[in-house]
Amino acid sequence: MNTSSESQKKTQEPSSVCRGKNYAYRVGNGIYINLTNRCTNDCTFCIRHNGDGAYGSETLWLEKEPTVSEAFDAVCELYFPECREFVFCGYGEPMMRADTLLKVASLLKERFSLPIRINTNGQAPLICGEDVSPRMEGLIDCVSISLNTPSAEEYVRICKPVYGKKAFEAMLAFASACKAHVPNVLLTVVDEALSKYELAMCHALADRLGVKLRVRTYIG
Ligand code: SF4
């Protein structure tokens, strides 16, 4: 993948007005990094449909996407002694900017030696056009992938990926590939959104892939 590809990917563009320059925001003892508002999904349950921020933050709609140094500087400005983790998260899909993300991660590792997580829809193989997981080695400590459902058909219905059904298989392939390079690989689902049967299917899927399943509550 090259840097120029970062601006050429297919996306579901948010319709909201762009304001603010919130490249980083604090959540508990972590600093979350907001590299983009672009995403290859348009999930029916996306937090972005319900407001402008997350976890009580200011607006996370970006006037422009941050450069490597702008994102790094934003984290440094926000850094506090109790900070225990850096998280590449929304407001959008962070792997839309995989090159930038990995460069920022490298700078953060060098400066702070703290764990780094990516919260992602897992479609990196399609977004980047290659297996980027080897490039995460030594930089990324946790990849948390939104599984949402055990069914590819249901995934298409609720997440509306631009890649269609291929997105689901790509996500599973990404989870599997990350195992060799990232210490902690998680699939996540929202408890209230699934039946007991679907939840059991998600557990079975995670077991088959050899990754953990994290069942969480909805943050909306
Ligand atoms: S993948 Fe995440 S950011 Fe993208 S639409 Fe779904 S919930 Fe929103």
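The values are calculated or read from the model by the stated rules, or taken from the named source; none is laboratory data. Being a predicted model, the structure only gives us computed values, none of them experimental. When we count neighbours, we look across all protein chains shown, and the Cβ atoms used for this are built from the backbone with ideal geometry, even at glycine.
Would you confirm whether any residue within segment 123-135 is surrounded by 19 or more Cβ atoms within 10 Å (Cβ to Cβ), at pLDDT 95 or above, touching a His at 6+ places or on another chain (Cβ under 9 Å) and not charged (D, E, K, R)?
Yes, segment 123-135 has at least one match.
If we scan segment 62-69, do we find a residue that is hydrophobic (A, V, I, L, M, F, W, C) and at pLDDT 95 or above?
Yes, the conditions are met somewhere in segment 62-69.
Determine the pairs where a residue that is within 18 Å of Pro125 (Cα to Cα) and without any contact (Cβ under 8 Å) to a residue 40 or more places away in the chain, located within segment 176-196, has a partner that is surrounded by 15 or more Cβ atoms within 10 Å (Cβ to Cβ) and of a type in the set (Val, Ile, Thr) with Cβ atoms under 7 Å apart, the partner being 6 or more residues away or on another chain.
Between residues of segment 176-196 that are within 18 Å of Pro125 (Cα to Cα) and without any contact (Cβ under 8 Å) to a residue 40 or more places away in the chain and residues that are surrounded by 15 or more Cβ atoms within 10 Å (Cβ to Cβ) and of a type in the set (Val, Ile, Thr), the close pairs are Lys179/Val185; Lys179/Val211.
Examine segment 159-180 for a residue that is exposed (fewer than 15 other Cβ atoms within 10 Å of the Cβ) and among the hydroxyl-bearing types (Ser, Thr, Tyr), and state whether such a residue exists.
The answer is no, given that none of the residues of segment 159-180 is exposed (fewer than 15 other Cβ atoms within 10 Å of the Cβ) and among the hydroxyl-bearing types (Ser, Thr, Tyr).
Considering only segment 96-114, I want to know if a residue exists there that is closer than 27 Å to His203 by Cβ and within 16 Å of the ligand (Cβ to nearest atom).
no
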